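Novice: Submitted below is the structure of interest, expressed as structure tokens.
The values are calculated or read from the model by the stated rules, or taken from the named source; none is laboratory data. Here the structure is a predicted model, which means the values were calculated and not measured. All Cβ positions, even for glycine, are placed from backbone atoms using ideal geometry, and neighbour counts span all protein chains on display.
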Amino acid sequence: MALFVAQHQHASDHCPAKDPKMGAMLLQHLSSPNAAKAGITIHGEAVATGKHHLFLILEAPSEGALKQFLAPFGQAGSVEIIPASPCEQVVAQGGC
């Protein structure tokens, strides 16, 4: 399993949370049991207040698997997936 940071951003007029059905669907999609079905572990998620910007820390078998899992967010805006490492690993290897 590899560690990733993912970002999703959308315009305020395309905010999925404004639509109760879409918001509920996305919450269910991001649930731990649903992510586990795709082999993904969500370690953290947060939306920047008033910014329409979602941040996720996840483990996935591959970047491709994560792209497929996050595809629903691409319908509302952009999705960026960034390979990452835990701080402990970065210090142990002597830097970023």
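Novice: Which pairs have Cβ atoms under 6 Å, sit 6 or more apart or on different chains, and link a residue in segment 28-45 that is free of Cβ contacts under 8 Å to residues at least 60 places away in the same chain and within 20 Å of A84 (Cα to Cα) to one that is exposed (fewer than 14 other Cβ atoms within 10 Å of the Cβ) and not aliphatic (A, V, I, L, M)?
Specialist: Hits for this filter: G39/P61.
Novice: So, F55, is that one aromatic (F, W, Y), modelled with pLDDT of 95 or more and either under 16 Å from V5 (Cα atoms) or out of contact with any Cys (no Cβ under 9 Å at 6 or more places or on another chain) (or both) or not?
Specialist: yes
Novice: Separate question: I need the full set of residues from segment 22-34 which are surrounded by 13 or more Cβ atoms within 10 Å (Cβ to Cβ) and touching a strand residue (DSSP E or B) at 6+ places or on another chain (Cβ under 8 Å), in order please.
Specialist: Residue satisfying the conditions is L30 alone.
Novice: Moving to a separate point now. Which number in (1) outside any helix (DSSP H, G or I); (2) farther than 15 Å from F73 by Cα marks the one condition that A6 misses?
Specialist: Going through the list (1) outside any helix (DSSP H, G or I); (2) farther than 15 Å from F73 by Cα, A6 breaks only (2).
Novice: Output the residues belonging to segment 35-87 that are hydroxyl-bearing (S, T, Y) and either crowded, with 16+ Cβ neighbours inside 10 Å or not in a loop (DSSP other than H, G, I, E, B) (or both).
Specialist: T41, S78
Novice: Which of the residues spanning segment 40-96 are over 27 Å from A24 (Cβ atoms) and charged (D, E, K, R)?
Specialist: If the condition is that a residue be over 27 Å from A24 (Cβ atoms) and charged (D, E, K, R), then E63, E88 are the ones that fit.
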